[in-house]
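Below: one structure, written as structure tokens.
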Amino acid sequence: MIQHIENPVVEVHDLMVSYGQNPVLWNVDLSLPAGSLVGILGPNGAGKSTLIKAIMGLVEANSGYSKLFDQELNQVRNKVSYVPQRESVDWDFPASALDIVMMGTYHHLGLLKRPGKKEKELAMDCLDKVNMKNFAGRQISELSGGQQQRVFIARALAQQAELYFMDEPFAGVDMSTEKALIELFREMTAEGKTVIVVHHDIYSAGKYFDWLIMLNMHLVASGPTAEVLTEELLTKTYGGKLSTLADLGEIIKKSGFNPLKD
Amino acid sequence: MEDFLYFFSFQDPNVLMVVIGISLLSISAAMVGTFTFLDKKALVGDAISHAVLPGVCLAFMFSGNKNPYWIVSGAFFTGALSTYVISWVARYTKLKEDTVIASVLSIFFGVGIVLMTQLQQTGNASLSGLDHFIFGNAISIVREDLWVYGALATCIIVVLLVFYKEFKVMVFNRSFAESIGLPVKRLDFVFNSLMVLAVVTGIQAIGVVLMAALLITPAAAAKFWTDRLSRLLFLAVLFSLISGISGAYISFSLPHMPTGPWVVVVLSIIAFLSFFFSTKKGILTRWVSRRKYQSKIHRDHILKALYQAEEHDKKGLPQKDIVDNFPGKVVKTHRTLRQLKKKGYITNDRELVALTSTGNSEAKRIVRLHRLWELYMTEYMNIAPDHVHESAEKFEHIITPELERQLDKSLNFPKEDPHQSIIPRDQNKP
Ligand SMILES: Nc1ncnc2c1ncn2[C@@H]1O[C@H](COP(=O)(O)OP(=O)(O)O)[C@@H](O)[C@H]1O
Ligand SMILES: [Mg+2]
């Protein structure tokens, strides 16, 4: 079940991605409506992070393309925000929570300019929105996993974007914080922003999201939550890798070159 | 002493020049090194500093003298080549990066040593002093060298300050930096060039072998004192300056003494002092806070004993009983009793020790924490009531007022612990 829409905010066209000889995303083709809260579901290693990274231009696609706001990524960078997985950074870095959130203001600043009072106020507001104002001066390694996650989200808020990609923002976050964050995302989508979240709990996904993407190396489903959250599609998503795709991947790995790359 | 005054009064323009040169290069090395250290590229720094040697020798062979322009170009060339080889080999083979770095380091350095031996056998008179490039000699810096090395160091410092926030976000979170549109590949190139340049500026004063130490050690030592990047940079620069200038001074006062090793000796002393005495993570600080914690435990236990005596309707306890209660800690117990009296927690009249009202409320607090924790463990963690005492003995000393409130709330302000002892509370406070 893959539903396409008119005037999508995100359009992914036949996207194919490999790491070296190892293909991980096969022909992903989808479109997402603006102003929605979108969940990306799929088992570990399904390529959820890779999909976001490919859209953000952080990994190279073998073929296919993606468009945001019907434009190239480089034209709309100021309107797009990316929240990486928390484990992807070393939290022992010498910085306070506020320092990290300030990074969200850097791309508006440009070269040579230092963040000033205005940026600091914005960063404090964003920390407040995720309930972390009291931790602004705290060294980031002294924060709990959930608090670090919220610092990352505050940094994304400081970017004042229209479209947000968040990779597992609920990992290591307690239940009440997760609820509060969903509440925050709801407010953002009500203002017309689009929030796309990698999530792994299928039960809460039904309640949280307007739109679901189900992924397992290939695209299993993309559509309104009520229509795609079915037993059959869930089995397809979580019922192990498609053996043909896995076998084909093995052949490509052994062949010593990647025929998918041009 | 005379030497010392002569050197540090800077009356000799040559001395002044040496000091300016070594200061600039110490600052630039420490700044580049701070980012190198945070980016976990210390090994690459080491490889570069060894890899500039063949370049120095080649420059010598071509130019036939110690012309600094040639030396710098040669050194920069092989240094940059080594970083390029490292990333190329690591990308296209399955070898681990540290294996590649170590191999590149030894191959480049090996070639450098061969070339140097070759050069020395030719017996060229102008070659004397070539070995300065191994261990460095700050005093051999002449005006022309200063211009070249000083200009390079200044460039490095300026570029780092200009791109400060870009490098900061790139080192912390590369994918984020890329996602906001920073040209990470070009910044990588700039940074690698700065790293090579920082090594190159130090080859004459510090020597190739020890430049890696001047890159990394200041930042590593500074990390013990602070956890903010701006302060880390400042401290690293300070440590680097101190050791750079001391090294130059030693070379000056003891002729023929190489500079590099002395710079590293001073740096190592600073690093060791940081390791032992830093207020944040130093060994000594940890030892002191451990001692403090242990005395707090002892104090808490005495207060508790007195409180329990009151619970059994005694006015207090004889000092002798208290001391006997803690065998092997006679001196400590006496000292703690004196401290408690001074703080107004106890009275100690005619050998009878009793709690004052402040002491009583403090003792209550400890007993309350003990019993609250016991109750929490039985209620929430399903642990049998006869298994909770040990753990509560430890936690009563560390539970903060915040946590206490949280415990109280989740247990709904209980009256009794699992052993039906009353959880004591001050009357005036809820
Ligand atoms: N940098 C990388 N190099 C090689 N393989 C990778 C890399 N990142 C991810 N992979 C592989 O690609 C597959 C998809 O990974 P990922 O997108 O992280 O999955 P998910 O986020 O859904 O758990 C996995 O099999 C993983 O091992
Ligand atoms: Mg992932």
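The values are calculated or read from the model by the stated rules, or taken from the named source; none is laboratory data. If you're wondering where the values come from, they're calculated on a predicted model, not measured in any experiment. Quick reminder, even Gly has a Cβ in these numbers, built from the backbone with ideal geometry, and neighbours come from all protein chains shown.
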Touching a Leu at 6+ places or on another chain (Cβ under 7 Å), surrounded by fewer than 15 Cβ atoms within 10 Å (Cβ to Cβ) and under 30 Å from B:ASP227 (Cβ atoms): is that true of B:PHE277 in this structure? yes
Looking at the stretch A:96-108, which of its residues are facing chain B (nearest Cβ under 8 Å) and under 14 Å from B:ALA177 (Cα atoms)? A:ILE100, A:MET103, A:TYR106, A:HIS107
With respect to A:LYS53, determine if the residue is over 30 Å from B:ARG231 (Cβ atoms) and either within 16 Å of ligand 2 (Cβ to nearest atom) or surrounded by 22 or more Cβ atoms within 10 Å (Cβ to Cβ) (or both). yes
Select from the stretch A:144-199 the residues that are part of a helix (DSSP H, G or I), within 16 Å of ligand 2 (Cβ to nearest atom) and of a type outside the set (A, V, I, L, M, F, W, C) and list them in ascending order. A:GLY145, A:GLN149
For the stretch A:84-95, what are the residues that are at the interface with another protein chain (Cβ under 8 Å from one of its Cβ atoms) and either within 16 Å of ligand 2 (Cβ to nearest atom) or under 16 Å from A:ILE153 (Cα atoms) (or both)? A:PRO84, A:SER88, A:VAL89
Considering only strands (runs of 3 or more DSSP E) fully contained in the stretch A:1-96, which possess at least 2 residues that are modelled with pLDDT under 95 and closer than 23 Å to B:ARG174 by Cβ? A:10-19, A:22-32
Scan B:ILE71, B:ILE48 and give me the residue that is touching a Leu at 6+ places or on another chain (Cβ under 9 Å), surrounded by 13 or more Cβ atoms within 10 Å (Cβ to Cβ) and under 14 Å from B:VAL200 (Cα atoms). B:ILE48
Only one of B:GLU379, B:GLU362, B:GLU404 is farther than 24 Å from B:ARG299 by Cβ, outside any loop (DSSP other than H, G, I, E, B) and not polar (S, T, N, Q), namely B:GLU379
Answer from A:LEU68, A:LEU58 - the residue that is away from ligand 1 (no atom under 16 Å from the Cβ) and under 27 Å from A:GLY104 (Cβ atoms): A:LEU68
Look at B:TYR293 and say whether it is crowded, with 18+ Cβ neighbours inside 10 Å, of a type in the set (Phe, Trp, Tyr) and part of a helix (DSSP H, G or I). no
For the stretch A:97-112, check the following and say yes or no: at least one residue is touching a helix residue (DSSP H, G or I) at 6+ places or on another chain (Cβ under 9 Å), within 16 Å of ligand 2 (Cβ to nearest atom) and not assigned by TED's automatic domain parsing to the domain that holds A:HIS200. no
What pairs come out if I take residues in the stretch A:14-42 that are in contact (Cβ under 8 Å) with a residue 40 or more places away in the chain and within 14 Å of chain B (Cβ to nearest Cβ) and pair them with residues that are assigned to a loop (DSSP other than H, G, I, E, B) and away from ligand 1 (no atom under 13 Å from the Cβ) whose C-beta lies under 8 Å away, six or more apart or interchain? A:GLN21/A:GLY256; A:GLN21/A:PHE257
Of the residues A:SER31, A:SER18, A:SER88, only one is under 30 Å from B:LEU229 (Cα atoms) and either within 13 Å of ligand 1 (Cβ to nearest atom) or buried (at least 18 other Cβ atoms within 10 Å of the Cβ) (or both); which? A:SER88
Scope the stretch B:193-232; condition out of contact with any Gly (no Cβ under 9 Å at 6 or more places or on another chain), crowded, with 20+ Cβ neighbours inside 10 Å and within 18 Å of B:PHE76 (Cα to Cα); matching residues: B:LEU194
Out of the residues in the stretch A:109-124 that are more than 11 Å from chain B (Cβ to nearest Cβ) and free of Cβ contacts under 8 Å to residues at least 12 places away in the same chain, which is surrounded by the fewest Cβ atoms within 10 Å (Cβ to Cβ)? A:LYS117
